[in-house]
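> Have a look at this one before I ask anything.
The values are calculated or read from the model by the stated rules, or taken from the named source; none is laboratory data. Since we're looking at a predicted model, the values are computed, not measured. Positions of Cβ are generated from backbone atoms using ideal geometry, with glycine treated the same way; all protein chains shown enter the neighbour counts. Areas reflect the complete protein model, heavy atoms only, side chains present, ligands, DNA and RNA absent. Shrake-Rupley method; radii C 1.70, N 1.55, O 1.52, S 1.80 Å.
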Amino acid sequence: QPTATELPGTQGAGRPFFSPDGQWVGFAAGNKINKMSVDGGAVVPVGEVAVVAGASWAEDGRVVMSEVGKGLLLPAAGGSLTIVAPLGDGEIVLAEPHALPGGKAAVFVAANDAAGGADLKTIEVLTLADGRRKILVRGASPPLSVLVEWERASALCQQCHAVCGPLRPGHPGDA
């Protein structure tokens, strides 16, 4: 039976996310995004952000992360962070990014209201290569792990497919 083990150097960490191969855990600590091998070892800095609003690991090794007030940032391998989706007019955050299978796109919640009204939030898909955004659901709210109600799932998959191609081979929503 698996047992939980505290990884040294992760005290005060939050917003955990795993590499696609499950060998690394990423996390926010203060104003930094870090990663560490699940087997332990040194904490490796990934990027620095003022206020973290979520992060997700793409299959190609990039980390899509959200910083309040700046949109979505993507660390290049060994380089500085780059804004791939700036905030639009009236937006305060592009939060809770989740890289989609294939590493070409991510879904996220865009919020226009500091008070958190769901009617002022949208769930969108972003193509990472060119920063194109498409609204999938209006009046949405996190968490994205329960992205939409079941009756909307098919339409959502079709919209994602139209923007970024098949999510994964043989997936029923990829028709």
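> Among (1) under 23 Å from F17 (Cα atoms); (2) at pLDDT 80 or above; (3) out of contact with any Asp or Glu (no Cβ under 6 Å at 6 or more places or on another chain), there is one condition A110 misses while meeting the rest; what is its number?
Only one criterion is unmet by A110, namely (3).
> Let me ask you something else. Is it true that E91 is in contact with a Gly (Cβ under 9 Å, 6 or more places away or on another chain), modelled with pLDDT of 85 or more and under 20 Å from A29 (Cβ atoms)?
Taking the combined requirement at face value, the residue does not satisfy it.
> Tell me, which residue of the range 1-56 that is over 23 Å from V68 (Cα atoms) and assigned to a strand (DSSP E or B) is most open to solvent (accessible area, probe 1.4 Å)?
W24
> Does S80 satisfy the criteria of being open to solvent by less than 10 Å² (accessible area, probe 1.4 Å) and among the hydroxyl-bearing types (S, T, Y)?
For S80, the condition - open to solvent by less than 10 Å² (accessible area, probe 1.4 Å) and among the hydroxyl-bearing types (S, T, Y) - is not met.
> Is the range 58-77 home to any residue that is in contact with a Gly (Cβ under 9 Å, 6 or more places away or on another chain), open to solvent by 50 Å² or more (accessible area, probe 1.4 Å) and of a type in the set (A, V, I, L, M)?
Checking the range 58-77: at least one residue is in contact with a Gly (Cβ under 9 Å, 6 or more places away or on another chain), open to solvent by 50 Å² or more (accessible area, probe 1.4 Å) and of a type in the set (A, V, I, L, M).
> Which of the numbered conditions does V125 fail, given that it passes all the others? Conditions: (1) at pLDDT below 85; (2) closer than 19 Å to I83 by Cα; (3) crowded, with 18+ Cβ neighbours inside 10 Å.
Against the list (1) at pLDDT below 85; (2) closer than 19 Å to I83 by Cα; (3) crowded, with 18+ Cβ neighbours inside 10 Å, V125 comes up short only on (1).
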